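Only one structure is covered here, and it is reproduced in the block below.
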Amino acid sequence: MPTEIEFYFDPMCPWAYQTSVWIRDVRSQIDLDIRWRFFSLEEINRPDGKRHPWERSLAYGWTPMRVAAWLRRIDMSLCDRWYEACGQALHVDGRRFYDREVALELLKSIGAPPTAWDDALADATTHDDVRDDHDRAVALYGAFGVPIIVLPNQRTIFGPVVVPAPTGADALKLWEMCNAYSEIDGLFELKTPKTQSDLRMIAREFEPYLTARQWTTIQNPAP
């Protein structure tokens with residue numbers, strides 16, 4: 001079993017949040033180092049004529065990822081805790097982590113430097129950090145969305161897409177399945193069709209996110 005992975009996320013994404021809950025549970029049970037990386041849904045699904053997220057004063061996912069990039073330079077665990085706090089805020093509590101006052105409260109709760117939000121946004125190079133991760137995911141892994149997990153053998157998994165996030169023994173079973181999946185050349189997809197009852201369950205799980213978000217979901221077809 002690998003002891004280190006890369007995990008690409010956008011804090012806007014409710015699917016990536018569920019997967020992050022799962023992989024943190026796995027980490028609590030085994031020796032696993034998670035290297036957090038950035039991917040922008042606002043950029044990959046940007047309509048023609050709309051400004052890039054780095055051209056806007058505030059972008060829902062991009063701006064908090066700039067803060068995550070600034071924190072990552074200090075300590076990967078700060079980046080980890082910031083994403084976890086943002087995810088809890090939006091996807092569980094229905095709070096907008098990109099609102100400055102909410103963000104300041106969340107940053108204080110994880111023990112981040114008190115000037116983290118303002119310093120990260122004053123530093124134009126945090127744009128570069130987020131964009132470099134995003135471009136790398138697209139160029140190397142054909143990324144079109146999140147969550148994305150990259151294993152040490154450089155096999156990439158989109159997902160696992162799972163709601164609700166499994167914990168305990170089930171979390172480890174899914175981890176073992178992902179590793180087995182990554183070892184089979186030419187295997188690109190396993191998918192369970194969603195029934196109407198599945199969609200209702202997902203809607204219940206995503207209700208805080210759906211209530212709080214201020215954007216319309218756009219998802220371009222996978223290549």
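Close contacts from the range 174-186, counting a first residue that is modelled with pLDDT of 95 or more and of a type outside the set (A, V, I, L, M) and a second that is part of a helix (DSSP H, G or I) and open to solvent by 40 Å² or more (accessible area, probe 1.4 Å), with Cβ to Cβ under 9 Å and a gap of 6+ residues or different chains, come to W175/Q29.
Are any of the residues in the range 76-94 open to solvent by less than 40 Å² (accessible area, probe 1.4 Å), assigned to a loop (DSSP other than H, G, I, E, B), over 23 Å from P160 (Cα atoms) and touching a residue at least 24 places away in the same chain (Cβ under 8 Å)?
Yes, that holds for at least one residue.
Go over the candidates T211, T126 one by one and state the one that is part of a helix (DSSP H, G or I), on the phi < 0 side of the Ramachandran plot and open to solvent by less than 30 Å² (accessible area, probe 1.4 Å). T126 is the lone residue from the list that is part of a helix (DSSP H, G or I), on the phi < 0 side of the Ramachandran plot and open to solvent by less than 30 Å² (accessible area, probe 1.4 Å). Within the option set S28, S20, being surrounded by fewer than 24 Cβ atoms within 10 Å (Cβ to Cβ), part of a helix (DSSP H, G or I), among the hydroxyl-bearing types (S, T, Y) and modelled with pLDDT of 95 or more holds for one residue only, S28. For the criterion of being of a type in the set (S, T, N, Q), surrounded by 10 or more Cβ atoms within 10 Å (Cβ to Cβ) and more than 19 Å from the chain's Cα centre (by Cα), S197 fails. Scanning the range 129-154 for residues that are open to solvent by less than 50 Å² (accessible area, probe 1.4 Å), over 20 Å from M76 (Cα atoms) and outside any helix (DSSP H, G or I) yields a total of 3. Residues of the range 31-73 that are out of contact with any Asp or Glu (no Cβ under 7 Å at 6 or more places or on another chain), open to solvent by 60 Å² or more (accessible area, probe 1.4 Å) and closer than 26 Å to Q154 by Cα: D31, R73.
Take the conditions more than 18 Å from the chain's Cα centre (by Cα) and either at pLDDT 95 or above or part of a helix (DSSP H, G or I) (or both) and apply them to D118. Does it pass? Let's see the steps before the verdict.
Numbers: more than 18 Å from the chain's Cα centre (by Cα): yes; either at pLDDT 95 or above or part of a helix (DSSP H, G or I) (or both): yes.
Spelling it out, D118 is indeed more than 18 Å from the chain's Cα centre (by Cα) and either at pLDDT 95 or above or part of a helix (DSSP H, G or I) (or both).
The set of residues in the range 98-115 being in contact (Cβ under 8 Å) with a residue 24 or more places away in the chain, surrounded by 14 or more Cβ atoms within 10 Å (Cβ to Cβ) and not in a loop (DSSP other than H, G, I, E, B) consists of A103, L106, L107.
The values are calculated or read from the model by the stated rules, or taken from the named source; none is laboratory data. From a predicted model like this one, the values you see are computed outputs, not experimental measurements. Backbone-built Cβ (ideal geometry, glycine too); neighbour counts: all protein chains shown. To get the accessible areas, we keep the full protein, side chains included, count just its heavy atoms, and leave off ligands, DNA and RNA. Shrake-Rupley method; radii C 1.70, N 1.55, O 1.52, S 1.80 Å.
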